[in-house]
Amino acid sequence: MLDAFLAGWKSGSFANVSFVRASGERVDAAAVATELKALEGQFKDKPPALAKQTPRVEDALAFADVAVSQPVTDKVTWNYTTSVRMTKGKDGWQVIWEPAVVHPKLTKGDELEVRRKSASRAGVLDGKGDEIVKPRPVTVIGVQPRDVTDLDKLVADLAALFKTAKIDAGTSDLAARVKAAKPEAFVEIITLRQEAFSPIEADFRALPGTVTRDEQWLLAPSRTFARAVLGTVGPVTKEIMDSKPGAYAVGDQAGLGGLQRAYDDRLRGAPGLSVVSTRKASDGTRQDTPLYTIEAKAGEALKTTLDPAVQLAAEKALGSVKQRSAMVAIRISDGALLAVANSGDDNLAFTAQVPPGSTFKTVSAYGLLDAGKVTANQVVPCPKFFTVDGRQFKNSNFMELGSVPFHTDFAKSCNTAFASLAPQLGPEGLAAAGSALGLGQAWDLGYPAFSGRVSAGGSPTELAAAVFGQGQTIVSPVAMAGVAAAVARGQWKQPVLLLDPAPAKPAADGPALKQTTLDPLRAMMREVVTVGTATALKDVPGGPVSGKTGTAEYDDNPAHTHAWFIGWQGDIAVAVFVENGVKPSETAVPVTEKFLRAIR
């Protein structure tokens, strides 16, 4: 009888099982099955594993302990012990049916349910350990249908208000949503930071039917602050839920892009849960009695190297150009990334794969000087044109310097001089120079970043193009900031973004660069600022600025060029990239100047 009952408990259908209530009244097996389903509540489709103990028999009564293993989630099982009583009548053994058979604390009218407890999401910290992403006040604005006097007018007024305030709220479906909602409902329009809501608050509240709700959201200091690398937090999407079945519930908050997405499991912690017996009270509310609880585990913070003041300065500087752009600032002494700024939502600072243009002359010059193929004072002619295997190379604006020393070629950014030196460097020498300055190495920042790819093409024309940053060589701003930092430091060190958790396999520090190579190269990069292509930076306060500009063609149209600047001042190295920036002197260099002035 016991075995048949336990089999029926699991299947939900009792065959060849007789039941009586505790009062002795017989009860139909089908009625027991119905009552069991009601008691099981949310577990009615999750049959438990049941393991019986040997029954104890006392005259006409028998008692059997049953170990119940009830699946709660894919990873959680609720284990408890209950007892089944049986009585022996004239027709044999009968199970004494009562709710306490399912769980000792259940009574008639109870139902098992699972209550999920969200964990406290952790913030993101800056290099000093202060919170960057932390709870900040927001206002949820919406409409309450019962208070609307003229829906069409309200929607039109809201659309005009949002347009004037440059708030992308989207009101096209608002009227339909208000009509479909209950009179007392809160029909949400948008959630705004306080600084965005305050200017429109009075006008918004003056419209009949508008309502607000104050909340706290995990946010960065501003909407744009390091957005492309930090990401955002918001309601979990279907795509995220599908990617990790069972990990999220509708309404959960999840990381949406950037570090928030990549480290979502760490930041969100582990949700808790309670199995409760619930029943409807006389006033219509539900009364819960906890039976099993797993406490939520709070998330762990993510500690970055970012410096909010430097990050804000970088973002403000990028705001001075209309084109898509990116800036990376590295603390030279330890490789810490102080700013990772992008003008849009795309993380160009880390993921762009674009030609470096003449900023790559820093790498080529390093290789040539280090190998003793040229000296800074050696005359290297700079003609207007230079031909390699029938392909003609030229300088920007058809510049022609004549017979000048190599340091002048570098300062004035002479392509033809570098093309003429390409055979002395060779593809292997070019690749070795790039590797010594971190390009193409296996980085691990704890977040995807492109470390660059130096041209491996061995043809004379490809090599001639590659030495001044064209051809097949492609880089990212963070890679080129690393190049500048390496020259300034005298050793390449992988940039650092995350302090906790630290990356699993960061690239090892490069070997110390030879002083006999560094001295002339640093002098040449300083000359770029004093008399070369970046003279706008020579009077920036805070110490001497050194660097290299770059104009990078990216297709077959010579007029289509990106603008670059890489360099350093004091303990900060920078790389600025402006997509379609054309002339560095009009885009990348002024951005750099604004940034350097702002952080002093």
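The values are calculated or read from the model by the stated rules, or taken from the named source; none is laboratory data. Computed from a predicted model, the values in this text were never measured in an experiment. FYI the Cβ positions are ideal-geometry reconstructions off the backbone, even for glycines, and counts take in every protein chain you see.
Limited to region 476-517, what total is found for residues that are assigned to a loop (DSSP other than H, G, I, E, B) and more than 19 Å from the chain's Cα centre (by Cα)?
The qualifying residues number 13.
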Output for region 518-552, where each listed residue is crowded, with 18+ Cβ neighbours inside 10 Å and assigned to a loop (DSSP other than H, G, I, E, B): Gly532, Thr533, Ala534, Val540
Test: residue in region 51-60 that is in contact with a Ser or Thr (Cβ under 9 Å, 6 or more places away or on another chain), touching a residue at least 40 places away in the same chain (Cβ under 8 Å) and not assigned by TED's automatic domain parsing to the domain that holds Leu291: no
Among residues of region 1-16, those that are outside any loop (DSSP other than H, G, I, E, B) and over 14 Å from Glu35 (Cβ atoms), counted: 7
Those residues of region 70-101 which are in a strand (DSSP E or B) and among the basic types (Lys, Arg), in sequence order: Arg85, Lys88
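Would you please name the residue that is modelled with the lowest pLDDT, looking only at residues in region 4-33 that are of a type in the set (Ser, Thr, Tyr) and loosely packed, with under 12 Cβ neighbours inside 10 Å?
Ser23
Could you check region 353-364 and list, in sequence order, the residues that are in contact with a Lys or Arg (Cβ under 9 Å, 6 or more places away or on another chain) and either closer than 19 Å to Ala485 by Cα or not assigned by TED's automatic domain parsing to the domain that holds Ala484 (or both)?
Across region 353-364, the qualifying residues are Ser358, Thr359, Phe360, Lys361, Thr362.
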Restricting region 553-595 to residues that are hydroxyl-bearing (Ser, Thr, Tyr) and in contact with a Ser or Thr (Cβ under 9 Å, 6 or more places away or on another chain), the residue that is surrounded by the most Cβ atoms within 10 Å (Cβ to Cβ): Thr587
Filtered residue count, region 197-208, keeping only those that are without any contact (Cβ under 8 Å) to a residue 24 or more places away in the chain and assigned to a loop (DSSP other than H, G, I, E, B): 1
First in region 251-280 and assigned by TED's automatic domain parsing to the domain that holds Phe43 and closer than 28 Å to Glu113 by Cα, second anywhere and β-branched (Val, Ile, Thr) and modelled with pLDDT of 95 or more, Cβ under 8 Å, 6 or more apart: none
Top-ranked residue in region 108-148 [being among the charged types (D, E, K, R) and in a loop (DSSP other than H, G, I, E, B); ranked as farthest from Arg266 (Cα to Cα)]: Lys108
